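Beneath this line is the structure, given in structure tokens, with notes to follow.
The values are calculated or read from the model by the stated rules, or taken from the named source; none is laboratory data. All values reported here derive from a predicted model rather than from experimental measurement. Here the Cβ positions follow ideal geometry from the backbone for every residue, glycine too, while neighbour counts run over all protein chains shown.
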Amino acid sequence: MPVTIRTLQKYKQEQRKFSVLTAYDATFSRLISDAGVEAMLIGDSLGNVIQGQQSTVPVTLEQMVYHTECVARGNQNSLIIADVPFMGAATLERTLDAATQLMRAGANVIKLEGGAWLEEAVTVLKRNGIPVCVHMGLTPQSVNAFGGYRVQGKDEAGARELLEAAITLDRAGTALFVLECVPRGLSAEITANVQAPVIGIGAAPECDGQVLVLHDMLGLNPRPARFVKDFMAGAGDIAAAVRAYDQAVKDGSFPAEEHCF
Ligand code: KIV
Ligand code: NA
């Protein structure tokens, strides 16, 4: 049975964890989907891992559409989430154009980086049949504004702002959240206070699901972030590494304390 946003909502209610991995091509899409990973994200992290860029800023909508088409062809039953790239939320018109193209390319959900100001975009997209995943916390498209890749929501004011934004966006009908590099306690609090399933990366085991960049969890990143675990270590092949990740997310053993902030 294909995974839908309803499947993930049901899992949240049942307190059953789900796994997500990034995918950029048809071959890995088939492998990840066959392993029973509930959702695949065509992340603009493809700028880093496929293109060798320093950040996700150079990634274009055309490139996101191309990789979404590739992943959609290899997919069996996973939910497909596609990133709206840099500047995609600058105007509502741009957001709607990007969402249209990504949905036509095979996405089931589109992901936007940002905060409370995305309320209108979430409302309009939902009204038009497009589920939105909002990525909060460390939003890599804003690396230049942050002055580096840093944990977000560490002080009280920042934490309150994140929690309030999540609640506002949840009420507006956000389908999913991604929390990246948000302290564990705050991540757990946000997860408990929104209806939508929350996917963590450098967040908390209390999140409803977890995501990692495929190349990171295969041990291909020479300078992995704290929240990464190499599942290739000890696995016989790539399919076994992906299954080990899926298992570790579902049994709650990943992420451990050492992967959180
Ligand atoms: O682009 C990406 O891979 C992402 C995940 C890390 C959440 O946005
Ligand atoms: Na991304």
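With the checklist (1) within 16 Å of ligand 1 (Cβ to nearest atom); (2) touching an Asp or Glu at 6+ places or on another chain (Cβ under 8 Å); (3) closer than 21 Å to residue 11 by Cβ in hand, flag the one item residue 76 doesn't pass.
Just one mismatch for residue 76, condition (1).
Do we find that residue 134 is hydrophobic (A, V, I, L, M, F, W, C), within 26 Å of residue 7 (Cα to Cα) and within 16 Å of ligand 2 (Cβ to nearest atom) in this structure?
Here the answer is yes, as residue 134 does meet what is asked.
May I ask you to verify whether residue 235 is of a type outside the set (Ser, Thr, Tyr), assigned to a loop (DSSP other than H, G, I, E, B), modelled with pLDDT of 95 or more and under 17 Å from the mean Cα position of the chain (by Cα)?
no
Residues checked against (1) farther than 27 Å from residue 224 by Cβ; (2) touching a residue at least 24 places away in the same chain (Cβ under 8 Å); (3) surrounded by 18 or more Cβ atoms within 10 Å (Cβ to Cβ):
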position: 18; (1), (2), (3): no, yes, yes
position: 31; (1), (2), (3): no, yes, yes
position: 44; (1), (2), (3): no, yes, yes
position: 65; (1), (2), (3): yes, yes, yes
position: 70; (1), (2), (3): no, yes, yes
position: 86; (1), (2), (3): no, yes, yes
position: 93; (1), (2), (3): yes, no, no
position: 96; (1), (2), (3): yes, yes, no
position: 99; (1), (2), (3): yes, yes, yes
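Of all residues being within 16 Å of ligand 2 (Cβ to nearest atom) and more than 18 Å from the chain's Cα centre (by Cα) in the stretch 139-196, which is surrounded by the most Cβ atoms within 10 Å (Cβ to Cβ)? Just the residue, please.
For the stretch 139-196, the residue satisfying everything is 146.
Have a look at 134, 109, 84, 124 and point out the one that is at pLDDT 95 or above and touching a Phe, Trp or Tyr at 6+ places or on another chain (Cβ under 7 Å).
Testing whether each residue is at pLDDT 95 or above and touching a Phe, Trp or Tyr at 6+ places or on another chain (Cβ under 7 Å) leaves just 134.
Out of the helices (runs of 4 or more DSSP H) lying entirely within the stretch 1-85, which hold 3 or more residues that are of a type outside the set (A, V, I, L, M) and more than 16 Å from ligand 2 (Cβ to nearest atom)?
Result: 5-14, 26-34, 61-74.
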